[in-house]
1. Leaving out ligands, DNA and RNA, what percent of the accessible area of the protein assembly as shown is carbon and sulfur, probe 1.4 Å?
2. Once the Cα gyration tensor of the protein assembly as shown is diagonalised, what are the square roots of 5 times its eigenvalues, in whole Å and ordered largest first, as equivalent ellipsoid semi-axes?
3. Convex hull over the Cα atoms of the range B:135-246, averaged projected area in nm²?
4. Quote the charge dipole size of the range B:129-192 about the Cα centre in Debye, to the nearest 20; the model charges only the Cβ of Lys and Arg (+1) and of Asp and Glu (-1).
5. Which of rounded, prolate, oblate describes chain A, given a ≥ b ≥ c as roots of the alpha-carbon gyration tensor eigenvalues and a/c under 1.5 marking rounded, otherwise prolate only if a/b is larger than b/c?
6. Which residue fluctuates most in the GNM of chain A (Cα springs below 10 Å): A:G91, A:G182, A:G121?
7. For the B and A pair, go ahead and give the buried accessible area with a 1.4 Å probe, both sides summed, in Å² to 100.
8. Based on the alpha-carbon gyration tensor of the range A:167-314 and its eigenvalue square roots a ≥ b ≥ c, which shape applies: rounded if a/c is under 1.5, prolate if not and a/b is larger than b/c, or oblate?
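The values are calculated or read from the model by the stated rules, or taken from the named source; none is laboratory data. These figures come from a predicted structure and were not determined experimentally. All Cβ positions, even for glycine, are placed from backbone atoms using ideal geometry, and neighbour counts span all protein chains on display. Please note that ligands, DNA and RNA were not included when accessible areas were found on the heavy atoms of the full protein model with its side chains. Shrake-Rupley method; radii C 1.70, N 1.55, O 1.52, S 1.80 Å.
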Amino acid sequence: MTHQFPALTPEQKKELQEIAERIVAPGKGILAADESTGSMAKRFNPIGVENTEENRRRYRQLLFTADERIDSCIGGVIFFHETLYQSSDDGTVFSKLIQDRGLVVGIKVDKGVVPLAGTDGETTTQGLDGLSERCAQYKKDGADFAKWRCVLKISENTPSELAIMENANVLARYASICQQNGIVPIVEPEILPDGDHDLKRCQYISEKVLAAVYKALSDHHVYLEGTLLKPNMVTAGHSCPHKYSNEEIAMATVTALRRTVPPAVTGVTFLSGGQSEEDASINLNAINTCPLAKPWALTFSYGRALQASALNAWKGELDNEKAATEEFIKRAEANSLAAQGKYESSGSGNAAGQSLYVANHAY
Amino acid sequence: MLRLLLHSTQSIKPALWRLLVLPDHCSSVVWQRKPSVRLFICLSSSVISTIANMTHQFPALSPEQKKELSDIAQRMVAPGKGILAADESTGTMGNRLKKINVENSEENRRYFRDLLFSVDTLASSIGGVICFHETLYQKADNGKLFPQVIKDKGIVVGIKVDKGTAGLNGTDGETTTQGLDGLSERCAQYKKDGCDFAKWRSVLKISDGCPSALAIAENANVLARYASICQQNGLVPIVEPEILPDGDHDLKRCQYVTEKVLAAVYKALSDHHVYLEGTLLKPNMVTAGHSCTQKFTPEEVGMATVTALRRTVPSAVPGVCFLSGGQSEEEASLNLNAVNQVPLHRPWKLTFSFGRALQASALAAWQGKTANKAASQQAFSTRAKINGLAAKGEYKPTGSSDQSATQSLYTASYVY
């Protein structure tokens, strides 16, 4: 392996890096609107909306037709396959609608998790078969970035070495294939927040997982400047009795990233996991005001944390569409500020928060 | 769940046996009978994975230990400062002294190190000095032990702890580095004797079949073991994975190999639970091989070097102190300067850990003659100052065009 067989030409590298930079330009993040058909059912059930293709189309439309206020907040939108080919009421294909307003179009390309036999309920993610051809087609159809989600969990025996290694490897294969087709891969190694583990444990495991991911990306000759990372923030498990402040979450998160994510990576776009809309914004803000040097953009790639209020306001009713869109715009603006460390949530002062940062030697 | 397969006819007497658990990739467990009889027992692998899973942290260092290491590292790479590598082994010192016709005696070695360490303005550009074992226990002309002389100037004292390279069988002349035996005890003693950092050099080379996967993995692993042991004893480990400049390979090849090597090094450091904020990296700059027909500018060297580091070195690492390898004094300074002017974000300090590139002129001026001491110190002092400026990207060689002229030689990073 001592000789290089360049995977990408300088022009291909330039294109990938520029796409990545556009997505995470200052103040911008990603709208993750790539819920699969099955996931959309989970969103629609609580608001009593039937999970039909038309309802999914109408719902995404109210997000994508938000006014120009989101143009400075949203750098990219992740689509599910079906949505990429749906159109707005006036017949404009959604991908074109998004592209025309200067946002980058992305596509979820994985095919869901499958079990790893011999483990304690751990999984890997499938979707590599024919991925190159699919990426080439998506590129033609307007997509410039892709997303692939791997999942790990924390428990007494997990994540196992196999789960870490296998998921890191499959993420690297996916990333390599994307780049060959002019598509920026968002690499998502999600560590679930389920469990009663504390903040330190999540940080430790995040560091191990990310170290494995970046070793795999190196082994697979992936061009880091043309990638984005979509990790979990470092938080305690949902059932952990100890509650942590936003600053502690921020410090643990930034410390873990500083120890594992090479500066060449263009941006880190956090997933929101199970966090509420407000928590996701406050935590992102704390991350951006954390007093440690952070060489990558630190922004959002939120699904639920951008859409929860919008869904609740909509409830499937035509008359509620404007109000729903307005809720979405509100969260987009809040997160845009949070990505710049300028978000002040009502009821908390930023100055008070600053002093809560514990020196990073404790991490 | 436990299946015991006895591979020996000996019966087990539990009191006489102790259990050694092997790393979890091994599916067997060794029972060691004191002193020497061994018995292998197979355990089902799920038991092993429960015993030896890595999902739980067993903190290697307390917050206080981390803070101490981090503070030491920061002091060593304070802005405008770098490291004087004065840790030439006795044999290597012989090579240096031979060139100026000076006898390789203990006194001559002491005299020359004293000459360097007693420069008044040393601390303005030097944050740390790496010593060889012998030197640590020698004294200045004024009778003070060298570590004390160095510390009194506010400079951190370091010690070379490796014991040289050893052959990797089955490779094309590749090596690993030895020195792990009893390293913890040695580190504890060096800490008592005034040291706050250590250095360990691993060596790789570029050729048609090198570096091999084994050489990379083995050297990364041994560097990580060394680093882990140092930190346990309050010493900041300088991690040095040197890729030799020998060969006719071009700049791109060196960059590619450097990226692979550094990725392996940082994976190993992660696996060994090393606290990155309390380490320093001492890599080669990315350059073409010595016999490469194409010549590259300092700006190209700078860009290739910074690109390689950005792709592999986590920003938690406080500083990168380049080795000078075979570069001349001026070449090393120009390249370091160019590295610090690269228009890419560089989250670590980028400074020097030079041996020859700080001492060549001083040796040449000295010639072993006491009368030349001041001139020798002046020569050394000049190089130290220049490299201090280069570490900030502020070195302007006399007679050269100003920065704006050189700036245009940068090729956009996506070519690298």
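1. Roughly 52 percent, rounded to a whole number.
2. 50, 33, 24
3. That works out to 8.2 nm².
4. Rounded to the nearest 20 debye, it is 480 debye.
5. rounded
6. For chain A, modelled as a Gaussian network with Cα springs under 10 Å, the answer is A:G91.
7. Roughly 3800 Å².
8. On the way: a/c = 1.73, a/b = 1.38, b/c = 1.25.
It is prolate, given that a/c is not under 1.5 and a/b is the larger ratio.
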